[in-house]
Structure formats: C-alpha cells, structure tokens
1. Keeping to region A:82-91, report how many residues are surrounded by fewer than 18 Cβ atoms within 10 Å (Cβ to Cβ) and either in a loop (DSSP other than H, G, I, E, B) or of a type in the set (Lys, Arg) (or both).
2. Restricting to region A:11-35, name every residue that is touching a Lys or Arg at 6+ places or on another chain (Cβ under 6 Å) and within 14 Å of another protein chain (Cβ to nearest Cβ).
3. I need the full set of residues from region B:255-273 which are surrounded by fewer than 24 Cβ atoms within 10 Å (Cβ to Cβ) and not β-branched (Val, Ile, Thr), in order please.
4. Mind checking which residues of region B:209-268 are among the small types (Gly, Ala, Ser), in contact with an Asp or Glu (Cβ under 6 Å, 6 or more places away or on another chain) and more than 14 Å from chain A (Cβ to nearest Cβ)?
5. Hey, among the residues in region B:268-301 that are in contact with a Lys or Arg (Cβ under 9 Å, 6 or more places away or on another chain) and polar (S, T, N, Q), which one's farthest from residue B:219 (Cα to Cα)?
6. Taking residue B:252, is it over 15 Å from residue B:137 (Cα atoms) and buried (at least 24 other Cβ atoms within 10 Å of the Cβ)?
7. Counting just the residues of region A:47-83 that are at pLDDT below 90 and in contact with an Asp or Glu (Cβ under 8 Å, 6 or more places away or on another chain), which one comes out nearest to the other protein chains (Cβ to nearest Cβ)?
Amino acid sequence: MFIRSTKLITIITESALEHTLIDDFDRLGAGGYTITNARGKGHTGVRDGRWPTDSNIRVEVICDTELADTIAEHIIKSYYRDYAVMVYIGDVTVVKPEKSGKGG
Amino acid sequence: MSLDPVVLFFILGLCAGLVRAEMRLPSAIYEFLSIILLLAIGLKGGIELSKQSIGDLLPDTMAVVAMGFVLPLLAFPLLRYIGKFDKVDAASVAAHYGSVSVGTYAVAVTYLTAQQIYFEEYMPLFLVLLEVPAILVGIVLVRGISKNTRWGKLLHEVFLGKSVVLLLGGLLIGWVAGPEGIESIAGLFFDPFKGVLALFLLEMGLIAASQVSCLRRYGLFLLGFGVVFPVFSALIGGGLGVMLGLSIGGTMLLATLAASASYIAVPAAMRIALPEANPTLSLTAALGITFPFNIIFGIPLYHKFAEYFHTLGG
C-alpha cells in the first residue's frame, strides 16, 4: 500500500463557474478534480439550488502545496469579487494500492 | 375571468411556496418537463415551417429580430435613469426583459387553444429568435465591442444554451420530418402537453414564491417596472404583429413574447458575461413579478390588445 501526504483544495462556488473552472484547472496543470452539487448558506446568502443561478458546486482537487496555492490565488483573484466563492486547503493522506504516477 | 387549469396549478405552487409548504418537484423531473415542453414547442413550429416557404417568412423574421434588439435598448434608459440602477444592473435587467420566456409562451398557446382562437403555428421560430439579441445588447451596453470580452465563450453560452438547442432542434426535426413523421411521437410530446405544462407551472409557482421574499429589498420601482414595462412591450409586439399581418392569435402571441422576460437563458448568460451584475435583482423581477403577472393577468390583456389593434387596422 502506498501512502502519500498532500493537499486537498476545496472550492465551493456557483455552478455557473463549472466550465470556466475546468478550463482553469487544465491550464494550471491540475491532474484531476471531483465536482459535486452543493447547497447551503454563506456570505452571499442562502443558495438552495432551486434555480440554476442559485445552485452551487463543490470542487475538490488533490495536488501538491504549490499547485494548491496557485489555484487558490487564481480563484480569489478572478472570481471572489463577483461570485459566491469559498476556498479552503487542508492536509490529506492519499492511499493507493501501490506507487504509481497517476495524480488526481 | 375564468382561469385555465394550468394557471391554477401555477397559483397552487405560488400559494404553497408563500406558506412554505413542504413541497418541491425533484430537479430531474423539472428538467425533464422543461425538455418535453421545449421540444414539443419546437416540433409544433417545425411542422408548420415544413408547410411554409421559408423565404416568405424572412421579412417577418428580420422584423422580429429587430424588436429583440430594440426592447432592451428601451428598457435600459428607464432602469438607468429613472430606476437609478448601476449601468451593469440596468443592462442585465434590460437583457432579461428583451429576451423571452418559454413558459409564458406555452401558457399563451394554451389560452388560445382553449378558446379555439387561430394563430400562426410557426411562432416558435420567433420564440427562439428572440432569445438571443437582448443578451448581446446587454453585454455590449456594458462592455462595448471590446476585444477583452471573451466572445467565444459567451457566444457558446448564448447560442448553445439548453433552451436554444432544444427549441431549434425541435424546429429542425419537425421541419425535416413533417406532420406525418412526427405523428409517431405525438403521444409523448403533444398529447400530454397540457399536463406537463401544469406540473411545470406548479414548480414555477414554488420558485416564483421563493423570489417574493427578495422583493422587499428592491422596492417599488422594480415592482412597477416588472408590471409596466411588459405591458408597454406588449403594445410594441402587438403593433408589430398587426403590421406583419398576423392573425389576432398570432398578434397576441407576439405581444406576449415581447412582454415576457427570460428567467433561464439570460440569467445563465449574464452570470458569465456580466458577473458584477446582481443576479437576484433580475431574477426577482423576471420570475417574482413579471412571470406571475403575465400568466395571470397579462395574457388575457394582450389578447384584448390584439383584438383592439385589429379593429384599428381594419
């Protein structure tokens, strides 16, 4: 079993940004990402997902510290002003059956 | 005033939403209903187009597209200088009001069908054509024709949104297959149309009710604009309908299209194109004020407009 400590960056934002974010990840070199639908309340009020403009996504990317910082900085700079955005980074341990070059 | 059952379903949704009843349609069902409606409307229009010479419709089509550019340009100064909105909010709301609502169109068609009033069945062509121009006007009002605007991405969003693709797809399939070809799928798309619309409107009522709580935030101007501007637009649409020689039913539908405000395609496009615009403001107006007004009061009123214009026009 292969265990590796790395970073998990989570972005909770508007689903309107989904395609834009995917383009950004490709450009910034993220190896993979996971997107789930989300709803909740934050600094822009309740986003209950009843209408496309009121729905959120939760995007998770597992990557090294440097890329996590790059992604976080890009998102805050590009979207924080005009969109509902929450970004947080945490330490995670990735578990895989054996060492491989695959990321994500 | 006798209300059609589909409108009563909308009112049920509205009331249930206002008293916060525990009810909502699963979003996948709502999506499915909206797909059926968009395709059914497109197919109906396409079948009629297969019987028409497209060349004959070209001048009418161009006039209708021109109306799509003019309406937001009329709304913008009202919002900017009387409503005292920011430039970007004024442009975004104007784009919503220049574009159209498929739900409102469907209710207007149901109204005419119930009263057995003839209308030109190729009207869905106008419906799809009116979705787009206002969005472009809204963007250009704020950004100008700037090279910095990511037009590729925006045009993708505008022209390949769900409603445009399904309406246009339905039109093309109806046009290619013709009435006999479509007969085999009528059981899904045409026979249950009214029931599908009723369920769709139930959910729309619930969603419209959820917008009402935002109304207090934006004051009386938005309420007034959400009612008065559609009526004014309906006069323009109705006038154009008479000029184009449409029947009373067709004139009423064009008036309804002019009066309706988009709450699906435009909010999605504006969120990408003008992210600094307040999305709640436009949606509250389009969905919380104008949609209910049009469904309950507007459509019968626009019918009266159409009749009146036709008496004037001889």
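The values are calculated or read from the model by the stated rules, or taken from the named source; none is laboratory data. Note that this is a predicted model, so its numbers are computed, not measured. All Cβ positions, even for glycine, are placed from backbone atoms using ideal geometry, and neighbour counts span all protein chains on display.
1. Residues of region A:82-91 that are surrounded by fewer than 18 Cβ atoms within 10 Å (Cβ to Cβ), as a first pass: A:82, A:86, A:88-91.
Next, from what is left, pick out any that are either in a loop (DSSP other than H, G, I, E, B) or of a type in the set (Lys, Arg) (or both): A:82.
Result for region A:82-91: 1.
2. Residues of region A:11-35 touching a Lys or Arg at 6+ places or on another chain (Cβ under 6 Å): A:12, A:16.
Within region A:11-35, just A:16 meets the criteria.
3. Correct list: B:268, B:271.
4. Initial filter on region B:209-268 (among the small types (Gly, Ala, Ser)): B:209-210, B:213, B:219, B:224, B:226, B:233-234, B:237-239, B:241, B:245, B:247, B:249-250, B:255, B:258-262, B:265, B:268.
Those still in the list that are in contact with an Asp or Glu (Cβ under 6 Å, 6 or more places away or on another chain) too: B:250, B:265.
Scanning region B:209-268 gives a single hit, B:250.
5. Let us first name the residues in region B:268-301 that are in contact with a Lys or Arg (Cβ under 9 Å, 6 or more places away or on another chain), namely B:268, B:272-277, B:279-281, B:284.
If we keep only those that are polar (S, T, N, Q) as well, we get B:280, B:284.
Details: B:280: 13, B:284: 11 Å.
The selected residue is B:280.
6. Values: over 15 Å from residue B:137 (Cα atoms): yes; buried (at least 24 other Cβ atoms within 10 Å of the Cβ): yes.
It is true that residue B:252 is over 15 Å from residue B:137 (Cα atoms) and buried (at least 24 other Cβ atoms within 10 Å of the Cβ).
7. Looking at residues that are at pLDDT below 90 and in contact with an Asp or Glu (Cβ under 8 Å, 6 or more places away or on another chain), I get A:53.
Per-residue answers, yes or no, for (1) part of a helix (DSSP H, G or I); (2) in contact (Cβ under 8 Å) with a residue 24 or more places away in the chain; (3) closer than 30 Å to residue A:37 by Cβ; (4) within 14 Å of chain A (Cβ to nearest Cβ):
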{"residue": "B:7", "(1), (2), (3), (4)": "yes, yes, no, no"}
{"residue": "B:12", "(1), (2), (3), (4)": "yes, yes, yes, no"}
{"residue": "B:31", "(1), (2), (3), (4)": "yes, no, yes, yes"}
{"residue": "B:41", "(1), (2), (3), (4)": "yes, yes, yes, no"}
{"residue": "B:45", "(1), (2), (3), (4)": "yes, yes, no, no"}
